[in-house]
Amino acid sequence: MADLAAAVKKAVKAPVIAAGRISTGAFANSLLAEGKADLIGLARVLWADPEWPSKVREGRENEIIHCAPDCDDTCTKLVTKGKVAFCVRWPHDKLQEWKAK
Ligand SMILES: Cc1cc2nc3c(=O)[nH]c(=O)nc-3n(C[C@H](O)[C@H](O)[C@H](O)COP(=O)(O)O)c2cc1C
Ligand code: SF4
């Protein structure tokens with residue numbers, strides 16, 4: 001959706017946030033460097049791995065647990081149904097603990 005963000009940015013004066021499974025630091029930086037967005041939004045990326053920002057900042061991108069492109073948006077579907085959301089990439093014990101809530 002980066003090109004959509006860029007199109008919106010051309011049409012408005014307000015800061016524009018680009019989102020859409022921005023999974024690498026390099027891609028996030030390129031969107032800012034190319035002026036396609038003013039800010040980067042991370043939802044599923046952080047839901048899968050809350051440590052994404054520090055791993056990128058510290059050059060540990062190989063340790064990132066990525067939002068799975070083949071997951072079929074489990075978390076978003078749960079949210080839209082008003083259910084407690086979880087991430088299929090969470091460790092098994094954390095997932096069971098969360099599902100029991
Ligand atoms: C679990 C979850 C909850 C979300 N809740 C909201 C919400 O309450 N309001 C909203 O405008 N967007 C919500 N979103 C959409 C995100 O803000 C974001 O625009 C979208 O997921 C695309 O970014 P992403 O590819 O980084 O996930 C939610 C997304 C997820 C995954
Ligand atoms: S549940 Fe699926 S779509 Fe949602 S953050 Fe986890 S891997 Fe990504």
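The values are calculated or read from the model by the stated rules, or taken from the named source; none is laboratory data. Just so you know, these numbers come straight off a predicted model, no measurement behind them. Virtual Cβ from ideal backbone geometry, glycine too; neighbours counted across all protein chains shown. Just the protein is used for accessible areas: all its heavy atoms, side chains included, with ligands, DNA and RNA removed. Shrake-Rupley method; radii C 1.70, N 1.55, O 1.52, S 1.80 Å.
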Name the single residue that is surrounded by the most Cβ atoms within 10 Å (Cβ to Cβ) among those in the range 6-60 being touching a residue at least 12 places away in the same chain (Cβ under 8 Å) and among the polar types (S, T, N, Q). S23
Please state which one of L42, L46, L78 is part of a helix (DSSP H, G or I), under 28 Å from E97 (Cα atoms), within 13 Å of ligand 2 (Cβ to nearest atom) and under 11 Å from the mean Cα position of the chain (by Cα). L46
Tell me which of these F86 doesn't satisfy, since it passes every other one: (1) in a loop (DSSP other than H, G, I, E, B); (2) out of contact with any Ser or Thr (no Cβ under 8 Å at 6 or more places or on another chain). (2)
Which number in (1) within 14 Å of ligand 1 (Cβ to nearest atom); (2) under 23 Å from A2 (Cβ atoms); (3) open to solvent by less than 70 Å² (accessible area, probe 1.4 Å) marks the one condition that D72 misses? (3)
Looking at the range 78-93, I want the residues that are closer than 19 Å to L46 by Cβ and have a partner that is assigned to a loop (DSSP other than H, G, I, E, B) and more than 12 Å from ligand 2 (Cβ to nearest atom) with Cβ atoms under 9 Å, at least 6 apart or on another chain. Which pairs are those? L78/V84; V84/K101
How many of the residues in the range 75-98 are among the small types (G, A, S) and exposed (fewer than 14 other Cβ atoms within 10 Å of the Cβ)? 1
